[in-house]
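Here is the structure we will look at, set down as structure tokens.
No value in this document is a laboratory result; all are computed from the given coordinates. All values derive from a computational prediction rather than experimental measurement. Here the Cβ is made from the backbone with ideal geometry for all residues, glycine too, and neighbour counts use every protein chain on show.
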Amino acid sequence: GKALDIARAARDMHGGNGISEEFHVFRHMANLETVNTYEGTHDVHALILGRAQTGLQAFF
């Protein structure tokens, strides 16, 4: 998502400090990565919603 892209850009802009505990950029990025993984990708959600709407299995 957009928030994750922004967090990655912030990490890159901070260079080595982007992964330092002194700055919280990496912590925020890791949290967003976790949320993205936990919720699943956009494509998987689209397949699940498509199946719910049509009753047709799009994946096996």
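Quick notes
- Hits in the stretch 19-37 - residues which are assigned to a helix (DSSP H, G or I) and over 17 Å from the mean Cα position of the chain (by Cα): I19
- Condition check for A7: outside any loop (DSSP other than H, G, I, E, B) and in contact with a His (Cβ under 6 Å, 6 or more places away or on another chain): yes
- Annotation note: Cβ proximity below 7 Å between a residue of the stretch 35-56 that is within 23 Å of L4 (Cα to Cα) and free of Cβ contacts under 8 Å to residues at least 40 places away in the same chain and a residue that is among the hydrophobic types (A, V, I, L, M, F, W, C) and not in a helix (DSSP H, G or I) (sequence gap 6+ or interchain) occurs for L47/A58; L47/F59.
- Enumeration of residues in the stretch 21-60 that are surrounded by fewer than 10 Cβ atoms within 10 Å (Cβ to Cβ) and touching a His at 6+ places or on another chain (Cβ under 6 Å): none
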